[in-house]
1. Those residues that are in contact (Cβ under 8 Å) with a residue 40 or more places away in the chain and of a type outside the set (Val, Ile, Thr), I need them from segment 7-21; list them, please.
2. Return the residues of segment 19-45 that are closer than 17 Å to residue 77 by Cα and among the β-branched types (Val, Ile, Thr); say none if nothing qualifies.
3. Considering segment 199-255 alone, what residues qualify as being in a helix (DSSP H, G or I), out of contact with any Leu (no Cβ under 9 Å at 6 or more places or on another chain) and among the hydrophobic types (A, V, I, L, M, F, W, C)?
4. Residue 331 - would you say it is small (Gly, Ala, Ser), in the same structural domain as residue 76 (by TED's automatic domain parsing) and over 30 Å from residue 20 (Cα atoms)?
5. Which condition from (1) closer than 22 Å to residue 45 by Cα; (2) part of a helix (DSSP H, G or I); (3) at pLDDT below 95 is the one that residue 181 breaks?
6. List every residue pair whose Cβ atoms sit under 7 Å apart, with the two residues 6 or more apart in sequence or on different chains, where the first one lies in segment 229-244 and is of a type in the set (Ser, Thr, Tyr) and the second, anywhere, is modelled with pLDDT of 95 or more.
7. Any idea which of (1) polar (S, T, N, Q); (2) closer than 17 Å to residue 237 by Cα; (3) at pLDDT 95 or above is the one residue 321 doesn't satisfy?
8. Scan segment 159-167 and give yes if some residue there is of a type in the set (Asp, Glu), touching a strand residue (DSSP E or B) at 6+ places or on another chain (Cβ under 9 Å) and in a strand (DSSP E or B), otherwise no.
Amino acid sequence: MLPPRMRFGTFLAPFHPVTENPTLAIQRDLELVEHLDRLGYDEAWIGEHHSAGYEIIASPELFIAAAAERTRRIRLGTGVVSLPYHHPLMVAERINQLDHMTRGRVMFGAGPGQLPSDAFLMGLDVNKSRDRMNEAMSVIVPLLRGEKVTHTSDWFELHDAQLQMTPYSRPSVEMAVAAAISPSGPRCAGTFGTGMLSVAATSEQGFEALANHWSIYEAKAAEHGHAVDRENWRLVGPMHIAETREQAERDMEYGLLDFLHYFKEILPIPIAGDLTTKQAIEQMNERGIGCIGTPDDAAAQIERLQKQSGGFGSFLFLGQNAAPWDATKKSYELFARHVAPRFQSLNENRMQSLAWARTNSAKFIGALMGAIGSEIQKHVAEQQTKKGE
């Protein structure tokens, strides 16, 4: 029996330098999703952010609505909706509408909000974000299954609330909860029986936490009567590949340091210090924080994550926009052509067929030559018969 087919996609926060035209940047993000759809990628997850200038999509739902009209098969997820910022009924209604508009291609990813600056804009207490995420999920999950919910809390109320439209997907849209380093993500995912989206899987702390996160997730799911499946676990990490390591490094000269500076100054998880591009690449590769190299290097990174985690269903490129546009598209193409097939069992039968043909080539060629000789003899005999008439 063939193993499950690993899925691949992108996680678009997205990251765009403040020197770039934001209108064109969003347009390019849409074009990237179209490109991935043509290449056969499985998923694209779109983030929600409201401050710090780099992650410029405020509404993943709006982006998904536009992307869905431009694509045919790729699934589109919110990566993620920051639940403390929204009334849960409004979140459920928007996702349910997209479920219908995309004919079931939408996925719902939820989290507490990654940027503390977003919470400060709205006067929200960051310390309450994870509790509010859990509380919101407790009503969103049944709502997205078409159930009726009544709930009263200190920040929202629901009175016999129910989605106007029966969900398109049954029993509901696919759901996932973001997990980074703390146990809150796997605890929430296990409690509500959703998938898990490990957004910091290749950071040093996030990588070390992978196996423990699965254990927490599995135990919490069992506690609440949910079955777990590693196919519903997605890991995210930076990756850029080219035909050679040297070319991949040249591509990263375009914007890797800007990307790393943003992480160092704005987000709580620094990727690297003040280094040259070459030094930063060496540090990322050596520490496993990212993969800048060749298709073989990319395959080795996936295998490393498999070993550490114990197995997962999908790997998502963190969309860092650190390479020129053409090089970025080429990276995704190289991965689709030369890396994804190794983890999807796409060529095993072809290889077996080639080996079988090679092993038996003498017999096959002998039979072919015999058939050709027979036809030659038949032709000669026919000609001689005609001459004798």
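The values are calculated or read from the model by the stated rules, or taken from the named source; none is laboratory data. Nothing here was measured: the structure is a model prediction, and the numbers come from that model. Methodologically, a virtual Cβ is constructed for each residue, glycine included, from the backbone with ideal geometry; neighbour enumeration extends over all protein chains shown.
1. Within segment 7-21, 7, 8, 9, 11, 12, 13, 14, 15, 16, 17 qualify.
2. 26, 33
3. Scanning segment 199-255 gives 209, 211, 214, 216, 219, 221, 222, 248, 252.
4. For residue 331, the condition - small (Gly, Ala, Ser), in the same structural domain as residue 76 (by TED's automatic domain parsing) and over 30 Å from residue 20 (Cα atoms) - is not met.
5. Only one criterion is unmet by residue 181, namely (2).
6. 244/294
7. (3)
8. Yes: one or more hits.
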